[in-house]
1. Helix-only mean residue ellipticity at 222 nm, the chain, DSSP H runs n ≥ 4 weighted -39,500 (n - 2.57), per residue, nearest 500. What is it?
2. Can you work out ³J(HN,Hα) from phi for every residue in segment 61-71, in order, using Karplus 6.51 cos²θ - 1.76 cosθ + 1.60 and θ = phi - 60°, giving whole Hz and x for Gly and Pro?
3. Need the full-extension length gain, A104 to S85, defined as separation in residues times 0.36 nm minus the C-alpha distance. One decimal, nm.
4. Going down the list K87/K137; K21/K105; K79/K105; K39/K115, which pairs span over 24 Å between their C-alpha atoms?
5. List the aspartates and glutamates whose Cα sits under 17 Å from the Cα of K22, skipping any in the same chain fewer than 8 residues away.
6. Can you give me the relative contact order of segment 2-161 as a percent, contacts being Cα pairs under 8 Å and 6 or more apart?
7. For Q33 and H142, compute 0.36 nm times the residue count separating them, minus their Cα-Cα distance, and round to one decimal in nm.
8. Applying a 10 Å radius around every beta-carbon, put 148-155, 85-92, 133-140 in order of their mean neighbour count, most first.
Amino acid sequence: MVGAIMRGGEWLEGVVRTHVKKDGLDATDKIAQMVSETKHYGQIRAIMLNGITLAGFNVIDMDRLYELTGLPVIVIMRKLPDMESIKSALRHLSEQEFRYGLIAKAGNAIEIEAKRGEPIYIQTRGLNEEDAIKIVKATATHSRVPEPVRVAHLIATGIVLGESSRRV
């Protein structure tokens, strides 16, 4: 997992990384540790995540991440999740009910009209809906996805595949 620490939607301040287990249960703690231990911690005003799962179905506990870091959490989604497909996929993993419970506990997604056509959706912890929308809109400078999420995705894809993808 890669994180891009940015000043708004324009200035990259730093990059952090950690490793999470595929389909594991360690994403929340690993992200909290990565964020809390970076020299940039004092600059971070919110944690933005590209979805609530990493590495397959390593589900992030938004409440716990907020508690561990003291930072608001905003989950960004390009489309609404298909909960029936998620339930079906989770049948093949351990602790299915726990994982599904974390996804369900994240709550209803808030739709945000993006600058470039299709909406995006967010879920939040630690800040109100109005402030979360302002943050997302202020940082979505080059696409409908906030720049910290877009840049982190580009870097992570480049590391894994050897070249970043165009679709972000």
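1. It comes out at -11000 deg cm²/dmol, rounded to the nearest 500.
2. Couplings: 8, 4, 4, 5, 4, 5, 5, 5, 9, x, 10 Hz.
3. Length difference between fully extended and current span is 5.5 nm.
4. K87/K137; K39/K115
5. Answer for K22, where 17 Å is the Cα cut-off: D61, E95, listed by chain and number.
6. 26 percent
7. Full-extension gain reported as 36.3 nm.
8. 148-155, 133-140, 85-92
Coordinate-derived values only; no laboratory data. As the structure is a computational prediction, the values presented were derived from the model and not from experiment. Note that we place each Cβ from the backbone using ideal geometry, even for glycine, and neighbour counts take in every protein chain shown.
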